[in-house]
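Visitor: Shown below is the structure under consideration.
The values are calculated or read from the model by the stated rules, or taken from the named source; none is laboratory data. Keep in mind it's a predicted model, so treat the numbers as computed, not measured. All Cβ positions, glycine included, derive from the backbone under ideal geometry; neighbour counts span all protein chains shown. Note: areas computed on protein heavy atoms with side chains; ligands, DNA, RNA excluded. Shrake-Rupley method; radii C 1.70, N 1.55, O 1.52, S 1.80 Å.
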Amino acid sequence: MWLAWAILRDKRLEKSFDEIAAGATEREVLQKLGRPKRVEKCGEFFGPLPREELTNCSKEYLYASSFAPLVPEYFVFRFDVNNRVSSKSPYSSP
């Protein structure tokens with residue numbers, strides 16, 4: 001049962017990541033994906049960001065695959081000072 005749930009959750013996570021565009025509100029992200037695994041300052045998850053991205057970034061949400069770290073797939077949403085998605089990045093290891 002857990003395996004089926006985890007597979008469905010990961011498919012939903014990937015689909016929702018593709019659907020959420022820059023400018024989406026924090027509330028829209030939470031409605032589609034639920035609570036993130038972690039909330040951090042910008043650039044905390046996967047290293048420093050370029051200066052131009054840091055100036056307008058207030059926080060990052062990290063969503064991890066149900067199978068992480070065995071399947072290292074992560075999705076990061078960055079929010080600006082108005083709590084709107086300013087950028088997003090998928091991270092995975094080959």
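Visitor: Does residue 43 satisfy the condition of being open to solvent by less than 30 Å² (accessible area, probe 1.4 Å) and out of contact with any helix residue (DSSP H, G or I) (no Cβ under 8 Å at 6 or more places or on another chain)?
Guide: Criteria not met by residue 43.
Visitor: Next question. Quick one: which strands (runs of 3 or more DSSP E) lie wholly within the chain and hold at least 1 residues that are hydroxyl-bearing (Ser, Thr, Tyr)?
Guide: 59-64, 73-79, 85-92
Visitor: For segment 1-31, how many residues meet the condition of being surrounded by 15 or more Cβ atoms within 10 Å (Cβ to Cβ) and small (Gly, Ala, Ser)?
Guide: 2
Visitor: Let me ask something else about it. Taking residue 34 as meeting all but one of (1) open to solvent by less than 20 Å² (accessible area, probe 1.4 Å); (2) of a type outside the set (Asp, Glu); (3) without any contact (Cβ under 8 Å) to a residue 12 or more places away in the chain, write down the number of the exception.
Guide: (1)
Visitor: Determine, yes or no, whether residue 59 is surrounded by 11 or more Cβ atoms within 10 Å (Cβ to Cβ) and at pLDDT 90 or above.
Guide: In short, yes.
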